[in-house]
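Before any comments, here is the structure.
The values are calculated or read from the model by the stated rules, or taken from the named source; none is laboratory data. Remember, it's a predicted structure, so these values are computed and weren't measured experimentally. Heads up, the Cβs are rebuilt from the backbone with ideal geometry, glycines too, and the neighbour counts pull from every protein chain shown.
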Amino acid sequence: MGLPPYATTGQRIWYYSFRVICGLILFFLIAPIITIIPLSFNAQDFFTFTPEMLRFDPAGYSLKHYQAFFGTEGAPWTGLIVGALIGLAVFAALFYWRGSKNVLPIIVGAALGLVIGKMWGIEGTEWMTPLKNSLKIAPVATLISVSLGTLAAIGLSQAHVPFRRAIMAILISPMIVPLIISAAGMYFFYSRIGLQGTYWGVVLSHAALGVPFVIITVTATLVGFDKSLTRAAANLGANPVTTFFRVQMPLILPGVISGGLFAFITSFDEVVVVLFVGSVGQQTLPWQMFTGLREQISPTILAAATVLISISVVLLVTLELLRRRSERLRGMTPG
Amino acid sequence: MTDATGPIVAADGRPLKVSLNRALRREKLRAFLLILPLLAFVVISFIAPIFDMLFRSVQDDITSRTLPQTVVALNDWDYTGEALPSEQTYEALYYDMFMAAEAKKHTALGSRLNYETTGISSLFRQTGRALDDVGEDVIEAMEDASAAFDDSAFWAGLFLTEDRSAGNNAASTRAWASTVSNQALRLPADVYLSNAAEAALPNAARQYAAFAMFTHTVDEDVPAEEDPWEAVWMALAQDLTAGALTYDGPETADLLAAQTAVAGPMAGFAFTDAFLEQDEDWGDASVWGTIQTFSSPYTAGYFLTAIDLELTPDGAQAVEDDVAIYVTLFWRTMWMSMTITFSCILLGYPIAWLMANLPDRSANLIMILVLLPFWTSLLVRTSAWKVLLQQQGVINDVLVWVGLVGDGSRLALINNATGTIIAMTHILLPFMILPLYSVMKGIPPSYLRAAKSLGATNWTAFWRVYFPQSVPGIGAGSILVFILSIGYYITPEIVGGTKGVFISNRIAYHISSSLNWGLAAALGTILLVVVLALYWAYDRIVGIDNVKLGG
C-alpha cells in the first residue's frame, strides 16, 4: 500500500500522520522494555537517567547491579568455566558421535553447562538462589506437561474420541481460569493433601498450568500430520511404539518443542500460583522480583529484568526458527 | 438386521458390522487411554482444587464442629433480640468451650465469628482463659470433703477399668471430643470406661473419658497420673446433686462426703451466672444470635458478604456504607477492565491494520516488535512501568524537561487507577493485536478498492466496508483482553496502590493476610462464574480451537 502519485494533499497528510500514529503506538509497546536496559547499567541507585548517563560519560555507567544480581559468593568463575567446558565437551562428543554438522546444539550445551556451573553449590544468595529454584522447577514441570500433553494430543487427534469437546475444555481450563483463582484453589486443596509449601506442589501446579499450551500447539501440528504415514509404517511391520518414535515424533517435534517452550515460559514466568502454593524454599526469580517491587525496590531488579529480556529474545528466535522449519516440512513457504 | 441372505461377513467369519464396531471400539479405547493420564493429572492437580474452592465458599462447619452440643441446645431457642438461651445451653457451652479451649480451637471459632460480629474474638479468648475459674467454690468444697479427689489415680480408678466386660470404649464421647478438637482421639489401649461409673455418674464419666482421651492422644501422658480438668469436677458435682448416689464401690465413701459438701455451693450455682460473671457479653442476645446464625455447616454468608450484605440473626441485610467495599470493587474491576479493553482496541486497531496491509517483510518486522513484549516476562514489564511512572521516573523527567509540567507538580501516574490502566494496556495489547491481525489478514484489499471505485470516500469505504468485516476480530480480541484483565493480580498489586486494585487483590488479601478463606473462595467463585460466562461467549464467537499463540 504505497501512496499513489495522484493522492491529494489531504490524503498525503493522513497517510503520514497515520504512519506517525502507528510509530508512536509501536514506541509505546517497545520503549518501556528498551528503556530499562540502559537504566540497568546506571552507576547510581536511581531509576532515571543521570546527567552523566545522558552525556555518555563512562563514569555514569557500571555493572554493579549485575554484580549484585549474579553475586560474588563461592567461586563463580571456576564454576562457570568448568561448567561451560564440560557442557561443550559432552555435547560436542555427542554430536560428533551422531555425525551431525549442526553447531547449534553444541552452543546450547555449552550454555547449559555454563548455567549449571554457575548454579552449582549456590546457597542463600539474594538473586541466584531464586534463579536456581526457578531452574529446578520449570524443567521438571515442562517435562511433565510435555510428555503427558503430547500423548493426550495424539489421542485427541484420533478420528473417534468420545466427549472430545468436554475433554478439551477440561484440558484447556488452566489457561482460562484466572491465575488468582487457580492459585486460591490450589492453595486450599494442596494444604488439605499436604502438598502446599513443597517442591512437588509447585511443580505439579506449574505442570497443570503448562498443559493447555502443549495441547494447543501439538494438536495444531497434528492437523498437518499425514495419517497415512503411520499406516504405512504399520504396513511395513513397525509396532506402534516404533512408529511413534521413528515416524510421528520427528515430524511433530517442532510443535512439541514450541509447546514445551510455552510451558517452560509459563512456569519460569509464573508468580501468582507459586506465591501461594510455594514456601520460602521454592522462592523463584519472579517471586523475588515481585517481593522486590512491592517492598523495597532496588535497581538490581533492572539487571534481573535485562537478563530475562535476553532470555525471552533467545526463546522468541528459537520459536521463529521452529515455526519456519515446521512450515518447510509441511511444504509451505516460510512466511 | 439380518435377512434371508444373511449378514455380510468379514474375513474371519464374523458379521462385518460386528467386526467394524469392534474395531471402532478399540480405536476409541486407544484414543481414550492416550488421553487418560493427562486427564487424570489435570483433574487431580487443577480441577479438584477449583472444586475445593467452590466447596469452601459455602462450607462453614466451624461453629457446628467446635460447639456441637451448644448448637443442638440452641435449636430450641429463637432469637428475639432480648431473651437469653436456657441454662442447658450455657451448660453445653461450658463443656464444649472447655474441650475446645484444651484443644486450642476456640480462638479459631472466635476469629471466624468476629467477621460477623465484632468483639466475639476477644470474648472467646477471654472466656477460654477464665473457664478454669468457673465453679471454684464447688471444686474447693469437694477438695475439702475428701483428700482422695486430689489423687489422680482415684479418678482413674473410679472411671476407668481394664476389664473389657465391665467397660465400654465411650463411643459417643469419642465422637464429640474428636469433633471439637478436630483430631482422632481415643482411650489408651486396653483401657475402658467403667459401665458402673457411667450409669451412676453419666456427666462426669463423659467428661473424664474426654479428658482421658485427650491426655492420652494429644499430651501423650497417662491419664491416671494427671489431674483431671475442672470440667470433670463440675460434671461430678452436677451428677452428685442430681439425686441419690447409686454407685457402689471403694470410692463410695468419698463420693458421699463430696455429695454433702457440694450441696451448698451447687444450690446457688448456675452456668448462666458463671458466664455472665466472666464477661457480660454472654448476656448479649446478639452474640447468641450470631452463633445460631452460623451454626449450620453450610452458609450463604460468604456470598452475601461478597455482595456487601451480611447475614444477621434477622436475615440478610445491607452492611453499613463505610464497610461496603465489594460491590464497589467489582464495579471498579469491570470498569477498569473495560477501559483497558477499549484502550487496547484504540491502540491495537491501527497496528493490526498496518500489519495486514504492509508487504510481508515489513509486516514481519512489526510482528517482532509486537511479539517481543508478548514474550517478555510479565514481571519485567511491570517493573519497567513501576520505574518509568514514578514521580522521579523517566516519564515525569521528560515531561518536566519538555516543560509540559512544572518540577513541583509532577504527575501522579503510579499507585492509582491511571498507573494500572497504562501498564495493563501495554501488557495486554498483543492479545488484541494478534486476533485482530488474523481477521484483517483475511479481508481482501480489493473490497476497499471496489468501494472507492464506486465513488465512496476513504472514510465511507473504511467505515461501511472494511470496519464491519473486522468486527469479529475486535470481538475476539476484546473478550480475550477483558477476560485476562478482570483476573489480573500482579500488575494492579504493584502499580495500583489502593485506588487501582482489582477484586483479585482482595482475594489474595483474604487468603494470605486476613485468613478469611471462605470469603476469598466466595469472591473467587463469583469471578470464576463471570470469566466462564465470558469464555462461553468467546467460544460461541470465535471457537476454542481458534486460540492462537502468538503467530
Residue among B:Leu67, B:Leu33 that alone is facing chain A (nearest Cβ under 9 Å) and at pLDDT 85 or above: B:Leu33
Subset of segment A:218-251 (residues that are free of Cβ contacts under 8 Å to residues at least 24 places away in the same chain and of a type in the set (Gly, Ala, Ser)): A:Ser228, A:Ala232, A:Ala233, A:Ala234, A:Gly237, A:Ala238
Of residues in segment B:197-220 being outside any helix (DSSP H, G or I) and within 34 Å of the chain's Cα centre (by Cα), the one surrounded by the fewest Cβ atoms within 10 Å (Cβ to Cβ): B:Glu220
Residues within segment B:379-411 that are over 17 Å from A:Ile30 (Cβ atoms), over 41 Å from the mean Cα position of the chain (by Cα) and more than 7 Å from chain A (Cβ to nearest Cβ), tallied: 13
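Residue-wise test of (1) assigned to a loop (DSSP other than H, G, I, E, B); (2) in contact (Cβ under 8 Å) with a residue 24 or more places away in the chain; (3) closer than 22 Å to A:Thr150 by Cα.
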| residue | (1), (2), (3) |
| --- | --- |
| A:Ala263 | no, yes, yes |
| A:Thr266 | no, yes, yes |
| A:Val274 | no, yes, no |
| A:Trp287 | no, yes, no |
| A:Ile297 | yes, yes, no |
Residue identified as surrounded by fewer than 21 Cβ atoms within 10 Å (Cβ to Cβ), in a helix (DSSP H, G or I) and either touching a Pro at 6+ places or on another chain (Cβ under 7 Å) or not polar (S, T, N, Q) (or both) among B:Ala23, B:Ala101: B:Ala23
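Taking the options B:Ala508, B:Ala521, name whichever one is more than 27 Å from B:Ile422 (Cα to Cα) and at pLDDT 85 or above.
Values: B:Ala508 fails: more than 27 Å from B:Ile422 (Cα to Cα).
The unique qualifying residue is B:Ala521.
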Residue in segment A:131-150 that is surrounded by 24 or more Cβ atoms within 10 Å (Cβ to Cβ), among the small types (Gly, Ala, Ser) and facing chain B (nearest Cβ under 9 Å) present: yes
Members of segment B:384-404 found to be assigned to a helix (DSSP H, G or I) and free of Cβ contacts under 8 Å to residues at least 24 places away in the same chain, listed by number: B:Ala384, B:Val387, B:Leu388, B:Val394, B:Ile395, B:Asn396, B:Asp397, B:Val398, B:Leu399, B:Val400, B:Trp401, B:Val402
Residue among A:Val256, A:Val314 that alone is without any contact (Cβ under 8 Å) to a residue 12 or more places away in the chain and either under 26 Å from A:Val203 (Cα atoms) or touching an Asp or Glu at 6+ places or on another chain (Cβ under 6 Å) (or both): A:Val314
Top-ranked residue in segment A:160-184 [being facing chain B (nearest Cβ under 7 Å) and over 25 Å from the mean Cα position of the chain (by Cα); ranked as nearest to B:Leu515 (Cα to Cα)]: A:Ile167
Neighbours by Cβ (under 7 Å, 6+ apart or cross-chain): first from segment A:156-168, closer than 19 Å to B:Tyr535 by Cα; second outside any helix (DSSP H, G or I): none
Residues located in segment B:480-502, provided they are part of a loop (DSSP other than H, G, I, E, B), within 10 Å of another protein chain (Cβ to nearest Cβ) and not aromatic (Phe, Trp, Tyr): B:Gly487
Conditions (1) buried (at least 16 other Cβ atoms within 10 Å of the Cβ); (2) over 30 Å from A:Ile181 (Cα atoms); (3) within 14 Å of another protein chain (Cβ to nearest Cβ); (4) in contact with a helix residue (DSSP H, G or I) (Cβ under 6 Å, 6 or more places away or on another chain): number failed by B:Ile414: (2)
Flag if A:Ile215 is in contact (Cβ under 8 Å) with a residue 60 or more places away in the chain, farther than 21 Å from B:Leu33 by Cα and within 12 Å of chain B (Cβ to nearest Cβ): no
Residue that is surrounded by the fewest Cβ atoms within 10 Å (Cβ to Cβ) [pool: residues in segment B:141-178 that are assigned to a helix (DSSP H, G or I) and touching a Pro at 6+ places or on another chain (Cβ under 8 Å)]: B:Ser152
Residues located in segment B:460-470, provided they are under 11 Å from B:Ile443 (Cβ atoms) and surrounded by fewer than 16 Cβ atoms within 10 Å (Cβ to Cβ): B:Phe467, B:Pro468, B:Gln469
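Considering segment B:153-175 alone, what residues qualify as being over 44 Å from the mean Cα position of the chain (by Cα) and touching a residue at least 40 places away in the same chain (Cβ under 8 Å)? Spell out how you get there, then give the answer.
From segment B:153-175, those over 44 Å from the mean Cα position of the chain (by Cα) are B:153-154, B:157-158, B:161-166; that's our starting set.
B:Ala153, B:Phe154, B:Gly157, B:Leu158, listed by residue number.
Does A:Arg246 count as within 8 Å of chain B (Cβ to nearest Cβ) and either surrounded by fewer than 15 Cβ atoms within 10 Å (Cβ to Cβ) or among the charged types (D, E, K, R) (or both)?
The answer is no for A:Arg246.
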